[in-house]
Amino acid sequence: MSTLATAPVAEGAPAAGRPKPKSQGGGFGRYLLVRFLLIFPTIFILVTLVFFLMRTTGDPITAAQGGRLGPEALAALREAAGYDRPLFIQYFEYLGQVATFNFGSTLTTNRPVIDVLTTYGPATFELVLYSLIVAFAVGIPLGRLAAYHRDKPQDAVFRVLAILWYAVPIFFAGLLLKLIFAVWLKWLPVAGRASVNAELQMQLVPNKTSFYTIDALMTGDPAVLGDVLAHAVLPAIALGLLTGGIFLRLVRTNVIGTLATDYVDAARSRGVAESRLLRKHAYRPALIPIVTVIGLQIALLLSGAVLTETTFEWKGLGFILAEFLESRDFVAVQGIVVLLAVIVALTNFVVDIIAAFIDPRVRY
Amino acid sequence: MTAASVTPVRRRPLRDRLPIVHQLRQSMGLQRGMLVAGLVMVAVFILCSIVAPLIAPYGFAQRKDESGAFGTQQPPSPEHVFGTTVGGYDVFSRVIWGTQTAILVIVIAVLLSIFIGVALGLYSGYFGGWLDRVLVVVCDAIYAFPSLLLAIVLSIVISAGQSNLWGGVLAAAGSITVVFIPQYFRVIRAETVRIKAEAFVESAKVLGASNARIVFKHVFRNATRTLPLIITLNSSEAILTLAALGFLGFGIEPTAAAEWGYDLFKAQSDVTSGIWWTAFFPGAAIVFTVLGITLVGESLNDLADPRLRGRRRVAQAAGEVAATSVVPGGTLTAGPGGLDGLEDGQSFDEHGIEVRR
Amino acid sequence: MSTVVDIRNLGVSFATDAGAVKAVDNVSLSVGRGEVLAIVGESGSGKTVTAKTILGLLPETATTRGAVVLSNREGTRESDIISLSTHQLREVRGTDVAMVFQEPSTALNPVYTVGWQIMEGIRAHSDISKKEARAKAIDILRRVGIPDPEERVDHYPHQFSGGQKQRVVIAMALVLDPGLIVADEPTTALDVTVQAEILDLLRKCRDEFGTAIVLITHNMGVVADLADRVAVMYEGNVVEQADVETLFSAPQADYTKALLAAVPYVGHGAASAVERVAARAAGWAELTPVVEARGLEISYPGRFGRPGFRAVNGVDFVIRPGEVLGLVGESGSGKTTIGRAIAGLTKVTGGSLRVLGAEMNGIRERNFRPLRSRLGFVFQDPASSFNPLLTIAECVAEPLIIHGRAKDANAARVRVNELLEAVQLPRAYGDRYPHELSGGQRQRASLARALALEPELLIADEPTSALDVSVQARVLELFAELQREFGFASLFISHDLAVVDLLADRIGVLYRGSLVEEGTGAEVLGAPKHPYTQRLLASLPVPDPIAQAERRTELRRIREAS
């Protein structure tokens, strides 16, 4: 949840006029390659960290079954699963498994972890996507407006809003939204991803994807689609507003920074209209640091997703993760955490590529 | 432009050198409003935690008094101004006692993470080398990872199933610490790397100062100037993380201490049946506290950045020649925030590094 | 003569943290058609603010009074910039008046191609097609001397060199054929040789395009080179206005006289150098050099497996006791790198560099540290050369404490006071913080710190390049005086030939990491042998319009010859 302290200003980044060495053959290709290779240490470190942290409390079998089984039964189970071997051997074995996308089976339900990931992953993906839409729709235009009307009443209102969104814990926002829109006004459903009826109809769809939006579309029934979308509204707002508030501040700060640069003044001196200065000259260079930081927000978004899913009983990775944590099913937890690490690393890679496309200095 | 023409500037008065007080004097308009509002809210929060025993009508784990049990899910009434929870606790008392838990966690988490983060950041930034590279990669990886998940895992590890006051507080504070260390590390390291390239550090090197002297005399104090800002921002995150842990059931048991997140966790099902007071008041307490701290942090952030700092408008230049005057001896004597930036002198690359154009 | 812009009783105030500050007070100026008016002044004189007012580019914190009447090229329309609406201002900017900025690398938006940026200006004022605008953009790029404009039009700013970027900025200003261009220190960020080319281009603007120019500068040489008329500003007021010849030959205002007297001339140092040589004891030339470089090489490692950058490439020189070696070169020449290597701040990667008897190639910091008390360093940037949290006295006491001459800053205070007096700072300044001193004062305190241990060698890395001319003159004077008094050997690094000439016994000229010429001031500056030195010398504008006109011809001859 490391957002406020890090909202970087554009450090005059686009403005800092240190000429880079002229691009040598394949400069951008080399950049991509280096950036891509950086994914692996990130994943490796997180996998290692999670593995050893989890094991400091003992092996998964003892954690999950301890107290329920006698010592002999426990020891037999541990031996069967190989948990009695030295930790380092288990670690390297686990690394090997992860490299081949084999995450083992859950202890409590004895399901392959990969299965859990494919069932619950789409729900989280949908939630994150919807809330990103909300966040972008709210954060970027309001941030630009705030920057443009800096220190004026509009700016004050937007900024206080952004701070307020940040200050309201996501689960509290969720509870309030539920209370107002679902319980009192009864406009929207209280929780879940779809009503029972819609779930049943989607069960019948061949090649079910677990992406409810897609499944609902495939039923061909607008009522099902409406039901699915209605269920997504409150969770998306709860998670999206928090993120949107962060985007708003980020956009505001960086656009204010670029509005003060020489090149904006230079464009102004050529008679370029103020609205265009904001839209073209200030906004696009400001996007470079914004995109990078938005990439880092994926971590925040996933943290938020865990809370949102718990609040709204949205059966995604976060929801199921909380359950596995409750039952101390560390094989499952480990699998989910590793998947999230991969997602984070990949997102940051993609974001760097996007940033490179905005910034010609990286491309050429 | 002679030395004699410079009007003597005395040492800045104390009030301008104290953090926050200085910023308060410097601020204006909306920024001052935000800062003052934030400071007031933080003051209320701290005050509450100090006088909690006086204002809280009941203990945080109290379910009955002389007149019998409180009853569960009672709506607000004169006896229980905020009502009672599903567990039969007095909501108002738990909200008040919750300030103590929150402060305890903030203090422990921030102190621990600053201590470790600053030490690592200084070392890494100043000496570099392989340890620096390893630390950077590790911290970046942790930083990019959903911090809440890490906090959950850590709180399981640290508390090892215990959930008494200190177990719970230490688990929460400890997990928050680990999550924050990369942040402090990054900030302090970046500052150290920047300051290391400044002429005054190079000058100390040329003079033959030892590394220890350079680090402590020149780098440390300059690198940590942004700390008040980070501390405020991280305090609010500490509260949010603590509450999130509580909400997910990894917090402190109600009999051990009052914790807002835990109360919200227990209030989840109430909301569906329209019982609002069990969730609203602890939630509002979180919002109030985080809002206060964040407002202070935001204002400090703005005031630290000349580009974001608001400025008073001047009256028309006409007729006020006596009141205003050109800075004597050129801009450089104007000190920080003088005319700099309006009237540029020459601009050679700032670190004396020659750049091939 | 009809005027393009007429500034009447202009006054500008700013809101700052320190309160309201009056930047410009009651300034009246006018510029005729096709005329170059130079506004000269030091920092804080209000020259840039005046210039920005002509385009209505002042920030919101500014309050303006008076009138700035601007007419278009044809003289058919007049408008008072100060009372125009945002929309009207937009129409005037670019068509009637355009601006050239100081720092070409920040005046171009890094994320758009230069063609896009030029076309944007064209299309902001006329309804022409993209294709036509593009043709115009290519045409104007060609006219400002960008080779292959058809291809370069699609390049991004970072793909151009500094001088080319400034050409692009000028192209943008010229493209709508405005009657007036405001050029704010257009050559300050550029090397001398590039400066000469940009000045030629600006002259072309006036001669071929008939554009009037308001030239903002602090450099008297630039004024002498380009201006028709000069206005001297000081503390927000115009203290003198005159034709360029009159101003240089018969300045009226005291400030103008002082300013002109402070400008260093090439050739003025020769006499004192001869004097110093005469005063040397016999056998001086045989003394062990303080610094001796043989085939010195310094490379910076490359990133991501890219090849490294060789900053210094096989340089030989010696500095004998009590001798001042001036090192001149443009950016990227490696002059700062050499200075840093001597101080042990940059690693020597090849050849030999002996400093105070120690071989720097491969030396360990531990072994070099004892020698550091015999070496002083003055940095370029007065803003960052002192720890902002320590007082000046504490900073000056640093070397004394580090080398055990004093226990703490208090114990060192007596010596610190002596030092401050030696650099002509009142001893009370010791209690101040660095930001409370002006740039010139800080550079003096910097000298005091460097001289605290009476070193045998002082390295001065562009110590005056961030200072105003008048301040620079005093610091240089002080340097010469201290050098006489303390007798230290010195490496004096500068990009300015005239400055180096004032102080140095011998001058070395660096070009792309190689020492292309070395000798006494009279040899190097009187009869330069290497073509680069010749070009460097001819590119340096002298503060005398008549002499400068001759030098221009000379420069053109050198350029054509090469």
Exercise for the section: Inspect the stretch B:110-120 for any residue being of a type in the set (S, T, N, Q) and within 14 Å of another protein chain (Cβ to nearest Cβ) and give the result as yes or no. Expected result: yes
Handout entry: Subset of the stretch C:134-154 (residues that are part of a helix (DSSP H, G or I) and open to solvent by 50 Å² or more (accessible area, probe 1.4 Å))
Key = C:Arg134, C:Ala135, C:Lys136, C:Asp139, C:Arg142, C:Arg143, C:Glu150, C:Glu151
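Given C:Gly334, C:Gly326, C:Gly344, C:Gly339, which one is closer than 26 Å to C:Glu481 by Cα, at the interface with another protein chain (Cβ under 10 Å from one of its Cβ atoms) and not hydroxyl-bearing (Ser, Thr, Tyr)? Working first, answer last.
On the way: C:Gly334 fails: closer than 26 Å to C:Glu481 by Cα; C:Gly326 fails: at the interface with another protein chain (Cβ under 10 Å from one of its Cβ atoms); C:Gly344 fails: closer than 26 Å to C:Glu481 by Cα.
Just a single option satisfies the conditions, and that option is C:Gly339.
Which one of C:Lys165, C:Lys131 is open to solvent by less than 40 Å² (accessible area, probe 1.4 Å) and basic (Lys, Arg)? Break it down into steps so the answer makes sense when it comes.
Details: C:Lys131 fails: open to solvent by less than 40 Å² (accessible area, probe 1.4 Å).
Within the list C:Lys165, C:Lys131, the selection yields C:Lys165.
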Practice task
Can you give me the number of residues within the stretch A:166-209 that are part of a helix (DSSP H, G or I) and away from chain B (no Cβ under 14 Å)?
Solution key: 8
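Within the stretch B:109-131, can you find the residues that are touching a residue at least 40 places away in the same chain (Cβ under 8 Å) and open to solvent by less than 40 Å² (accessible area, probe 1.4 Å)?
The first filter runs over the stretch B:109-131 and keeps only residues touching a residue at least 40 places away in the same chain (Cβ under 8 Å), leaving B:109-110, B:112-114, B:116-118, B:120-122, B:124-127.
Of everything in the stretch B:109-131, those that are touching a residue at least 40 places away in the same chain (Cβ under 8 Å) and open to solvent by less than 40 Å² (accessible area, probe 1.4 Å) turn out to be B:Ala109, B:Val110, B:Ser113, B:Ile114, B:Gly117, B:Val118, B:Gly121, B:Leu122, B:Ser124, B:Gly125, B:Tyr126.
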Practice task
Please work out which residue is surrounded by the most Cβ atoms within 10 Å (Cβ to Cβ), limiting yourself to the stretch C:43-67 and to residues that are within 30 Å of C:Ser470 (Cβ to Cβ) and away from chain B (no Cβ under 14 Å).
Solution key: C:Leu55
Problem - Failed criterion for B:Phe82 (all others in (1) in a loop (DSSP other than H, G, I, E, B); (2) surrounded by fewer than 19 Cβ atoms within 10 Å (Cβ to Cβ); (3) touching a residue at least 60 places away in the same chain (Cβ under 8 Å) hold) - result: (2)
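For the stretch C:466-495, enumerate the residues that are under 19 Å from C:Leu259 (Cα atoms) and out of contact with any helix residue (DSSP H, G or I) (no Cβ under 8 Å at 6 or more places or on another chain). If you could, list the steps in order and put the result at the bottom.
Here is the first cut: in the stretch C:466-495, the ones under 19 Å from C:Leu259 (Cα atoms) are C:466-478.
Within the stretch C:466-495, C:Glu477 is the sole residue that qualifies.
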Problem - Within the stretch A:152-201, considering residues that are crowded, with 19+ Cβ neighbours inside 10 Å and among the charged types (D, E, K, R), the one modelled with the lowest pLDDT - result: A:Arg193
Practice task
Please go through the stretch C:105-119 and pick out each residue that is open to solvent by 10 Å² or more (accessible area, probe 1.4 Å) and assigned to a helix (DSSP H, G or I).
Solution key: C:Ser105, C:Thr106, C:Trp116, C:Met119
Handout entry: Failed condition for A:Leu239, given (1) open to solvent by less than 10 Å² (accessible area, probe 1.4 Å); (2) free of Cβ contacts under 8 Å to residues at least 60 places away in the same chain
Key = (2)
Practice task
Inspect all residues belonging to the stretch B:254-265 and state whether any of them is surrounded by fewer than 24 Cβ atoms within 10 Å (Cβ to Cβ), charged (D, E, K, R) and either closer than 30 Å to C:Arg366 by Cα or more than 8 Å from chain A (Cβ to nearest Cβ) (or both).
Solution key: no
Exercise for the section: Evaluate the following for A:Ala299: is it facing another protein chain (nearest Cβ under 9 Å) and closer than 26 Å to A:Pro60 by Cβ? Expected result: yes
Practice task
Tell me which residues, restricted to the stretch C:82-104, are surrounded by fewer than 24 Cβ atoms within 10 Å (Cβ to Cβ) and assigned to a helix (DSSP H, G or I).
Solution key: C:Ile82, C:Ser83, C:Thr86, C:His87, C:Gln88, C:Leu89, C:Arg90, C:Glu91, C:Val92
Problem - Pairs with Cβ under 9 Å, 6+ apart, first in the stretch B:42-70 and in contact (Cβ under 8 Å) with a residue 24 or more places away in the chain, second hydrophobic (A, V, I, L, M, F, W, C) and part of a strand (DSSP E or B) - result: B:Arg63/B:Ala69
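When the stretch C:194-212 is examined, which residues are found to be of a type in the set (D, E, K, R) and over 19 Å from C:Val97 (Cα atoms)?
Of the residues in the stretch C:194-212, the ones of a type in the set (D, E, K, R) are C:197, C:200, C:203-204, C:206-208.
Scanning the stretch C:194-212 gives C:Glu197, C:Asp200.
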Problem - Some residue of the stretch C:457-473 being crowded, with 19+ Cβ neighbours inside 10 Å, touching a residue at least 24 places away in the same chain (Cβ under 8 Å) and more than 27 Å from C:Ala189 (Cβ to Cβ) - result: yes
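Give the stretch C:421-431 a look and list any residue that's open to solvent by 10 Å² or more (accessible area, probe 1.4 Å) and either part of a helix (DSSP H, G or I) or in contact (Cβ under 8 Å) with a residue 12 or more places away in the chain (or both), or say none. Give the derivation first.
Quick first cut of the stretch C:421-431, residues open to solvent by 10 Å² or more (accessible area, probe 1.4 Å) only: C:421-422, C:424, C:426-429, C:431.
Within the stretch C:421-431, C:Glu421, C:Ala422, C:Gln424, C:Arg427, C:Ala428, C:Tyr429, C:Asp431 qualify.
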Practice task
Could you please find all residues in the stretch B:270-303 being more than 7 Å from every other protein chain (Cβ to nearest Cβ), modelled with pLDDT under 80, open to solvent by 30 Å² or more (accessible area, probe 1.4 Å) and in a helix (DSSP H, G or I)?
Solution key: B:Asn301
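If you check C:Val291, C:Val277, C:Val244, which single one turns out to be within 19 Å of C:Asn219 (Cα to Cα) and β-branched (Val, Ile, Thr)? It would help to see each step written out before you state the result.
Values: C:Val291 fails: within 19 Å of C:Asn219 (Cα to Cα); C:Val277 fails: within 19 Å of C:Asn219 (Cα to Cα).
The match here is C:Val244.
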Practice task
Go through (1) part of a strand (DSSP E or B); (2) open to solvent by 10 Å² or more (accessible area, probe 1.4 Å); (3) among the hydrophobic types (A, V, I, L, M, F, W, C); (4) within 14 Å of chain B (Cβ to nearest Cβ) one by one and return the number of the condition C:Val318 breaks.
Solution key: (4)
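The values are calculated or read from the model by the stated rules, or taken from the named source; none is laboratory data. Predicted, not measured: the structure shown is a model, and the values here were computed from it. When we count neighbours, we look across all protein chains shown, and the Cβ atoms used for this are built from the backbone with ideal geometry, even at glycine. These area figures cover heavy atoms from the full protein model, side chains too; ligands, DNA and RNA do not enter into them. Shrake-Rupley method; radii C 1.70, N 1.55, O 1.52, S 1.80 Å.
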